[in-house]
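Novice: Got a structure for you, written out below as structure tokens; questions coming shortly.
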Amino acid sequence: MSRFLDLAEFGEAALYIRLTNLEHLAAKAQAFDGTKRSWLPDDVEAYVEVEVKELNGDKTTVETKDGRFLVVKEDDLQPMNPPKFDMMEDMAMLTHLNEASVLFNMRRRYSMWMVYTYSGLFCVAVNPYKWLPVYSTQVIAAYKGRRRLETPPHIYAVADNAYTDLLKNRENQSMLITGESGAGKTVNTKRVIQYFAIVAALGENLKKGGL
Ligand SMILES: Nc1ncnc2c1ncn2[C@@H]1O[C@H](COP(=O)(O)OP(=O)(O)OP(=O)(O)O)[C@@H](O)[C@H]1O
């Protein structure tokens with residue numbers, strides 16, 4: 001049976017883990033015309049937001065946020081998701097699943113130091129290059145025994161899934177941790193091992209205050 005999730009359980013990590021309901025409501029309240037807003041490839045920013053002024057195949061006119069009018073190919077534009085999809089925890093849920101929207105979602109989350117995001121079964125981690133208070137015993141206790149989709153994205157949720165399946169099915173589990181050099185594979189692997197060590201050693205005592 002799943003336990004009710006209260007963000008207070010995450011302590012000081014809550015800020016770095018999930019938006020509050022109020023923040024979600026604020027995003028949903030923003031006006032949005034999905035027929036006009038799109039992403040356009042850009043040499044510096046990867047993609048910039050544009051407003052479509054006139055759709056006309058290879059001669060489509062768009063306006064950038066800094067007021068420039070450009071003539072572009074319609075095929076180069078990628079549709080933008082409405083603000084209610086802002087900072088999605090699982091990018092598989094995006095209405096428009098395109099490269100620009102994935103990058104935008106990760107960038108928005110990273111700007112609030114939310115470094116973990118799901119993409120379906122995968123958990124994508126962005127290297128924060130600074131210490132974040134999201135690896136405490138308190139956070140481990142909050143993830144222990146919880147279903148993955150009810151908790152905010154975290155490497156601990158992935159570890160907990162594997163641990164639960166190991167106990168339940170009595171079968172070996174494997175985890176694929178991949179990324180370019182410096183992406184954070186070693187750090188995240190250590191976090192997975194830390195999770196197993198703490199959960200296996202403390203078990204039920206974890207909830208009572210831990211180490
Ligand atoms: N979650 C994190 N929190 C804080 N710092 C991090 C995190 N992930 C990575 N870093 C920082 O980035 C550095 C590089 O990360 P890491 O060694 O895990 O990369 P890697 O993917 O294993 O690289 P390589 O493939 O070259 O061995 C770490 O030494 C650490 O300073």
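Read-outs: derived from the displayed coordinates by stated rules, not from any lab. All of these numbers come straight from a predicted model, not from anything done at the bench. A quick note on method: Cβ atoms are made from the backbone with ideal geometry, for glycine too, and the neighbour counts reach across all protein chains shown.
Novice: Using a 10 Å cut-off around each Cβ, can you sort 72, 44 from fewest to most neighbouring Cβ atoms? Intermediate values should be presented prior to the final figure.
Specialist: Details: 72 17, 44 5.
With the sparsest Cβ surroundings first, the list reads 44, 72.
Novice: Which shape class applies to the chain: rounded if a/c is under 1.5, otherwise prolate when a/b exceeds b/c and oblate if not, where a ≥ b ≥ c are the square roots of the Cα gyration tensor eigenvalues?
Specialist: Numbers: a/c = 2.63, a/b = 2.21, b/c = 1.19.
The shape class here is prolate.
Novice: If you don't mind, there's one more thing I want to ask. Among DSSP bridges having both ends in the chain, what percentage is antiparallel? Round to the nearest 5. Please list the in-between numbers first.
Specialist: Values: 20 of 21 bridges.
Rounded to the nearest five, the antiparallel share is 95 percent.
Novice: Determine the gain in length on full extension of the stretch residue 44-residue 162; use 0.36 nm per residue of separation and subtract their C-alpha separation, reporting nm with one decimal. Before the final figure, lay out each step's value.
Specialist: Values: separation 118, 0.36 × 118 = 42.48 nm, distance 3.97 nm.
Taking residue 44 through residue 162 to full extension adds about 38.5 nm, to one decimal.
Novice: Would you mind classifying the stretch 138-182 by shape? Square roots of the alpha carbon gyration tensor eigenvalues, ordered a ≥ b ≥ c; an a/c under 1.5 is rounded, otherwise it is prolate if a/b is larger than b/c and oblate if not.
Specialist: On the way: a/c = 2.34, a/b = 1.15, b/c = 2.04.
Here the stretch 138-182 falls in the oblate category.
Novice: Next question. Test of understanding: ordering 131, 39, 113 by Cβ neighbours within 10 Å, fewest first, what list do you get? Write out the running numbers ahead of the final one.
Specialist: On the way: 131 7, 39 24, 113 15.
The most exposed by this proxy come first: 131, 113, 39.
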